[in-house]
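This report concerns only the one structure given below.
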Amino acid sequence: MKVHSRPLNVADFEQMRKILFRDGLNEWNYITDESIDLQFQLIRDGKAIAILAEASEITGLAILIFKDACPSNLRQYSTLSTMAYINDVVVNMNYSGKGIGSTLLQKAIELAQKEQCEHVYIERHEENLASVGMMRKASFKIVDTFYDPNKRTTGSRNTSLLVHSK
């Protein structure tokens, strides 16, 4: 399995959307058409990249957003010009539990550092145990947990923000 970033074509975007909705939608994840459209536009504009896990097809993906294109609410934690933000990480359910998610995160960190990003941020539902393990394995540390009822509709309704720093 190859984990890398490469130029995307129309079929890639269609396959990524399918994976995001088929394998990413659950009580813990906040995935909407609008959020996917925004991420895909950032990729087209060169402000984000897709990191893909591929065998004969895309089996997992992470969207890495760079610097000033990162969510503006992250300004309170660091300077946007020195950060990257991982918006979505989704693995095809037939490949889950094989370390692909952690590998995607490690590749995102590596690519962010190549772009001179000192901090890589990611969010998760506070109670998403699968994400807890994946993010811990990739050396992310919690910097904040906050009530987020617009994104989180189950459980504590809290979002945990994590960071990986050089």
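The values are calculated or read from the model by the stated rules, or taken from the named source; none is laboratory data. The model shown is predicted, which means the values in this text are computed figures rather than measured ones. Note that each Cβ is placed from the backbone with ideal geometry, even for glycine, and that neighbours are counted across all protein chains shown. Accessible surface areas use protein heavy atoms only, side chains included; no ligands, DNA or RNA. Shrake-Rupley method; radii C 1.70, N 1.55, O 1.52, S 1.80 Å.
Counting the residues of region 1-26 that are open to solvent by 60 Å² or more (accessible area, probe 1.4 Å), assigned to a loop (DSSP other than H, G, I, E, B) and in contact (Cβ under 8 Å) with a residue 40 or more places away in the chain gives 2. Consider region 69-91. How many of its residues are closer than 11 Å to GLU123 by Cβ, surrounded by fewer than 17 Cβ atoms within 10 Å (Cβ to Cβ) and polar (S, T, N, Q)? Number satisfying all stated conditions: 1. Quick check: is even one residue across region 43-56 closer than 17 Å to LEU104 by Cβ and part of a helix (DSSP H, G or I)? Yes, some residue in region 43-56 is closer than 17 Å to LEU104 by Cβ and part of a helix (DSSP H, G or I). A single entry from SER96, SER156, SER160 fulfils the requirement of being open to solvent by less than 30 Å² (accessible area, probe 1.4 Å) and within 20 Å of TRP28 (Cβ to Cβ): SER160. The residue that is nearest to GLU126 (Cα to Cα), counting only those in region 27-57 that are surrounded by fewer than 19 Cβ atoms within 10 Å (Cβ to Cβ) and among the β-branched types (Val, Ile, Thr), is ILE31.
So, in region 123-146, of the ones that are open to solvent by less than 60 Å² (accessible area, probe 1.4 Å) and β-branched (Val, Ile, Thr), which residue ends up nearest to VAL90 (Cα to Cα)? Here the residue is VAL132.
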